[in-house]
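Presented below is the structure to which this report refers.
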Amino acid sequence: MKLTPPKTITFWVAVVLGLAGLLGYVNILAFLAPFAFWLVFVGLVLLVLSLLIKGL
């Protein structure tokens, strides 16, 4: 299996999703609290997929 670096925009979208989930978890952004786990999960999945799929 050959890994490829993600595009810059994909990386930053994954980082923003992860940070939004983290901020929701610690109630800084309380309206995101119910979705905190899923935001972090989707960010991580996006990052892993961008490593596995060339051009993502």
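Scanning residues 5 or more positions from L29 or on other chains, those with amide H under 5 Å from its amide H are G24, with H placed 1.01 Å from N in the peptide plane.
Residues whose amide H comes within less than 5 Å of that of L56, counting only those at least five positions distant or on another chain, are K7 (H built at 1.01 Å from N in the peptide plane). Computed on the Cα trace of the stretch 8-52, the radius of gyration divided by the Kirkwood hydrodynamic radius gives Rg/Rh = 1.03. Extension gain, I28-L44: 0.36 nm per intervening residue step, less the Cα-Cα distance, totals 3.7 nm. A straight chain from L51 to M1 at 0.36 nm per residue would run longer than the Cα-Cα distance by 17.0 nm.
Estimated from helices alone, the mean residue ellipticity of the chain at 222 nm is -21000 deg cm²/dmol (sum of -39500 (n - 2.57) over DSSP H runs with n ≥ 4, per residue). A simple rule links phi to the HN-Hα coupling: the Karplus curve 6.51 cos²θ - 1.76 cosθ + 1.60 with θ = phi - 60°, which for the stretch 34-41 gives x, 10, 4, 4, 5, 5, 5, 4 Hz, with x for Gly and Pro. Using C-alpha pairs below 8 Å separated by at least 6 residues, the relative contact order for the chain is 47 percent.
Any read-out appearing in this document is the output of simple, stated calculations on the displayed coordinates, not a laboratory observation. Because the structure is predicted, anything quoted here is derived from the model rather than measured.
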